[in-house]
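The values are calculated or read from the model by the stated rules, or taken from the named source; none is laboratory data. Just so we're clear, the structure is a prediction, and the values are computed from it rather than from any experiment. In this analysis, Cβ positions are derived from the backbone assuming ideal geometry, glycine residues included, and neighbour counts consider all displayed protein chains.
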Amino acid sequence: MRIIIEVPIQNEWDIVAARQSGREAAKKLKFGTVDQSRITTAISELARNIFKYALPGKIVIEEINEDNRSGLKIVAKDEGPGIKDIRKALEDGYTTSGGLGAGVPGVKRLMDHFEIDSTVGAGTEITTIKWNK
């Protein structure tokens, strides 16, 4: 059975729901506890960014299988203002809200694959993958 979960992000409770869904999916795929934590932390950061900056949005969690390995693909999609300077947004310490600026760069470090596509005025889509090693 292939896991596909979609969690709309509209309020802070949806961030919790997305985290829990990611942890449950990671457990079903027998990820170790450290990777379960990495996945849930990444989901939390992505969902929080949607909630703070880019409503409406959603987190999609999908089981993937490629090259004799399994993993979880996490996609964060929103219809927010987009990111004007992606390179700057990926720098540690960059923030538009006075936070720590660790969110998006942190997600990139936690996951095995990271892509970001953003159009100013139309939204952002971040795709990440964690492979089960």
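If we keep just the residues of region 83-93 that are over 15 Å from residue 115 (Cβ atoms) and either of a type in the set (Asp, Glu) or under 18 Å from the mean Cα position of the chain (by Cα) (or both), which is modelled with the highest pLDDT?
Checking each candidate, the answer is 85.
Does residue 5 satisfy being touching a residue at least 40 places away in the same chain (Cβ under 8 Å), surrounded by fewer than 19 Cβ atoms within 10 Å (Cβ to Cβ) and in contact with a Ser or Thr (Cβ under 6 Å, 6 or more places away or on another chain)?
Numbers: touching a residue at least 40 places away in the same chain (Cβ under 8 Å): yes; surrounded by fewer than 19 Cβ atoms within 10 Å (Cβ to Cβ): yes; in contact with a Ser or Thr (Cβ under 6 Å, 6 or more places away or on another chain): yes.
So residue 5 passes the test.
Residues of region 43-56 being touching a residue at least 60 places away in the same chain (Cβ under 8 Å), under 11 Å from residue 15 (Cα atoms) and touching a strand residue (DSSP E or B) at 6+ places or on another chain (Cβ under 8 Å), which ones?
If the condition is that a residue be touching a residue at least 60 places away in the same chain (Cβ under 8 Å), under 11 Å from residue 15 (Cα atoms) and touching a strand residue (DSSP E or B) at 6+ places or on another chain (Cβ under 8 Å), then 46 is the only one that fits.
Look at residue 80 and say whether it is touching a residue at least 40 places away in the same chain (Cβ under 8 Å), more than 16 Å from residue 107 (Cα to Cα) and touching a Gly at 6+ places or on another chain (Cβ under 6 Å).
Yes; evaluated as a whole, the condition is true for this residue.
Give region 48-61 a look and list any residue that's within 10 Å of residue 74 (Cβ to Cβ) and crowded, with 19+ Cβ neighbours inside 10 Å, or say none.
Residues satisfying the conditions are 59, 61.
Step by step: first the residues of region 107-124, then only those that are within 30 Å of residue 70 (Cβ to Cβ) and surrounded by fewer than 16 Cβ atoms within 10 Å (Cβ to Cβ), then the one that is modelled with the lowest pLDDT. Which residue is that? Let's see the steps before the verdict.
Let us first name the residues in region 107-124 that are within 30 Å of residue 70 (Cβ to Cβ), namely 107-118, 123-124.
Checking which are surrounded by fewer than 16 Cβ atoms within 10 Å (Cβ to Cβ) leaves us with 109, 112-113, 115, 117.
Values: 109: 90, 112: 97, 113: 97, 115: 96, 117: 95.
That would be 109.
Which of the residues spanning region 47-75 are under 15 Å from the mean Cα position of the chain (by Cα) and either of a type in the set (Ser, Thr, Tyr) or on the phi > 0 side of the Ramachandran plot (or both)?
The one that is under 15 Å from the mean Cα position of the chain (by Cα) and either of a type in the set (Ser, Thr, Tyr) or on the phi > 0 side of the Ramachandran plot (or both): 53.
Keeping to region 25-38, report how many residues are in a helix (DSSP H, G or I), charged (D, E, K, R) and either in contact (Cβ under 8 Å) with a residue 40 or more places away in the chain or crowded, with 21+ Cβ neighbours inside 10 Å (or both).
Residues meeting the conditions: 2.
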